[in-house]
Amino acid sequence: MEDLIKGRLGEADGYMIRCAIDGDRISGRAGGRLHGKDIDLEITERGVQGTVGSEPVRVELEEGELRGNVGNQKLVLRGVDRVTGFFGEPIVGWNVVAQQQGEQLVGQLGSTVLGRPFTLSLGSAPGWVGTLIAIVAFYALEPRASVSASR
């Protein structure tokens with residue numbers, strides 16, 4: 001059975017996100033045709049692995065948290081419906097907070113001033129999956145998300 005996750009990362013200057021979940025596979029796109037990246041993820045027994053564009057995504061469940069990397073950035077997520085965590089390095093990184101209500105997920109990456117809000121329709125997917133997709137899209141499309149670790 002296929003389920004759709006779709007929504008927006010950012011406000012007027014943001015990006016559309018659209019992914020299909022078919023079994024344990026999540027595939028879709030963040031952004032448009034000219035400025036966008038393909039998302040291809042697989043939910044495994046230990047976590048999630050795959051790619052966004054040509055960058056690797058690998059997170060595993062450790063001590064009740066999803067920990068790993070999206071490209072060159074570290075990621076830690078906690079929770080299922082109410083998701084919190086951190087993306088990036090301790091000095092230059094983004095707090096993550098999201099809340100699922102029914103099929104809707106509303107969240108924020110970073111501060112309310114410099115960060116990016118996101119809103120996704122989840123279908124039957126849990127909030128942590130939507131939050132992970134928003135973070136993957138942020139990494140793929142925001143230049144500051146993928147280069148801060150190399151400074």
Taking a probe of 1.4 Å and leaving out DNA, RNA and ligands, segment 2-129 shows per residue an accessible area in Å² of 55 Å²
Sequence-distant or interchain residues sharing an amide H contact under 5 Å with LEU122, placed H: which? GLN104, LEU105
For segment 13-21, Karplus-derived ³J(HN,Hα) couplings (6.51, -1.76, 1.60; θ = phi - 60°; whole Hz; x for glycine and proline) come out as 9, x, 9, 7, 10, 8, 9, 10, 10
Roughly what % of Cα-Cα distances in the chain sit above 24 Å, to the whole percent? 20 percent
Which residue, LEU109, LEU61, LEU41, tops the fluctuation ranking in a GNM of the chain built on C-alpha contacts under 10 Å? LEU61
Could you tell me what percent of the accessible area of the chain is made up of carbon and sulfur, with a 1.4 Å probe and every protein chain present? 51 percent
Asserting the computed 222 nm helical MRE of the chain (DSSP H runs at least 4 long, -39500 (n - 2.57) per run, divided by residue count, to nearest 500) equals -4000 deg cm²/dmol
How many nm separate the modelled label positions at GLN49 and ALA12, each set 7 Å beyond the Cα in the direction of the Cβ? 4.4 nm
Select from ARG116, ARG67, ARG46 the residue whose mean-square fluctuation is largest in a Gaussian network model of the chain (Cα-Cα springs shorter than 10 Å). ARG46
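The values are calculated or read from the model by the stated rules, or taken from the named source; none is laboratory data. Only a predicted model underlies this, so the values are computations on that prediction, with no experimental measurement involved. Here Cβ is always computed from backbone atoms with ideal geometry, including for glycine, and neighbour counts include all displayed protein chains. Note: areas computed on protein heavy atoms with side chains; ligands, DNA, RNA excluded. Shrake-Rupley method; radii C 1.70, N 1.55, O 1.52, S 1.80 Å.
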